[in-house]
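J.: Here's a structure for you.
No lab work stands behind these numbers, since they all come straight from the coordinates. What you see is a predicted model, and the numbers here were worked out from it, not measured in a lab. For neighbour counting, all protein chains shown are included, and Cβ atoms are generated from backbone atoms with ideal geometry for every residue, glycine included.
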Amino acid sequence: MKGSFSTYLSDFVSLFYPNLCLGCDELLPKGSEYLCPKCHYNLPKTHTHRLEVPQFKEKFEGVVAVRDVLVYAHFFKKGLIQKVLHQLKYGNQPGIGEMIGRRYGKELLESGYADAYDLIVPVPLHEKRFKERGYNQSEHFGLGLSKALGIPMNVDSLVKVKHVGSQTKRSKLSRIVNVDGVFKVLDNSFYEKRVLLVDDLMTTGSTLVACLEVLRECKPEFMGIATIGGAK
Ligand SMILES: [Zn+2]
């Protein structure tokens, strides 16, 4: 329980001291948002845009064809990315997503991704969940990527039509069964387009697969994935 208590504590503290680093709780230097330069430097980055990292790509092998599986950093239990994603999702701090998106987008830009995709598409939330949270965390990550890469974002065409509840306590198999028929595409925006699907976290990859399978029906030129965190 110690971990969850310290999470509550940092949620509480951040209400009053928004200028503390999410990683080390030190005061942020001028010009830094959410993470101090040292914590940023210490993020366990995957470098999937420059290196072969099979642990992420193999989640999709034989299931659905993807050009790139881009993961900003490794997700470890009680690690820095878990802390960051918790604040992004539950701490009413969508700006974290945009900040990471901009940083990651800059790195991708330097590796030649400026013209690699036509559209950025965030994994949508169900309307009910969107109303509860007030924002879609994946959309804010997508927004940062979109600004850094100069690639437009489409938030209207892919929608979540079925509310499946929390996925966190389900087994791997039931998660896969559960995402069937959950997403839907409303128009022909993705036809012959190079589509980059973005989400905050990749665990089993089942949510991403469910979206990709629906997008594939629209005959895109090809598809790729980008997430903030990736779990083994
Ligand atoms: Zn720090």
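J.: Taking the Cα centre of the chain as origin and charging only Cβ (+1 Lys, Arg; -1 Asp, Glu), how large is the dipole, in debye to the nearest 20?
T.: That gives a dipole near 780 debye.
J.: State the Kirkwood hydrodynamic radius of the chain in Å, one decimal place, computed from all pairs of distinct Cα atoms.
T.: 18.1 Å
J.: At a 10 Å Cβ-Cβ cut-off, how would you order 48, 207, fewest neighbours first?
T.: Ascending Cβ contact count within 10 Å gives the list 48, 207.
J.: Give a quick list of chymotrypsin sites (Phe, Trp or Tyr not before Pro) in the stretch 75-131 that DSSP marks as loop, anything other than H, G, I, E or B, with at most 14 other Cβ atoms within 10 Å.
T.: 76
J.: In the stretch 25-72, which trypsin sites (Lys or Arg not before Pro) are in a loop and have at most 13 other Cβ atoms within 10 Å, using DSSP for the loop call?
T.: 30, 50
J.: Of 34, 41, how do they rank once you tally other Cβ atoms within 10 Å and put the fewest first?
T.: 41, 34
J.: Would you kindly derive the ³J(HN,Hα) couplings of the stretch 53-65 from the backbone phi angles with the Karplus curve 6.51 cos²θ - 1.76 cosθ + 1.60 (θ = phi - 60°), listing them in order in whole Hz, with x for Gly and Pro?
T.: Running phi through 6.51 cos²θ - 1.76 cosθ + 1.60 with θ = phi - 60° gives 10, x, 4, 8, 5, 6, 5, 10, 4, x, 10, 8, 6 Hz.
J.: Relative to the longest principal axis of the chain, what angle (0 to 90°, nearest 10) does the C-alpha long axis of helix 80-90 take?
T.: Between helix and principal axis, roughly 80 degrees.
J.: Now a separate question. Do the alpha carbons of any pairs in 38/78; 30/106; 131/193; 77/160; 45/160; 38/106 sit beyond 22 Å of each other, and which pairs?
T.: 131/193; 77/160; 45/160
J.: Please list the non-local residues whose amide H lies under 5 Å from the amide H of residue 67, H modeled 1.01 Å from N, same-chain partners needing a gap of 5 or more.
T.: Placed amide hydrogens put 223, 224 under 5 Å from residue 67.
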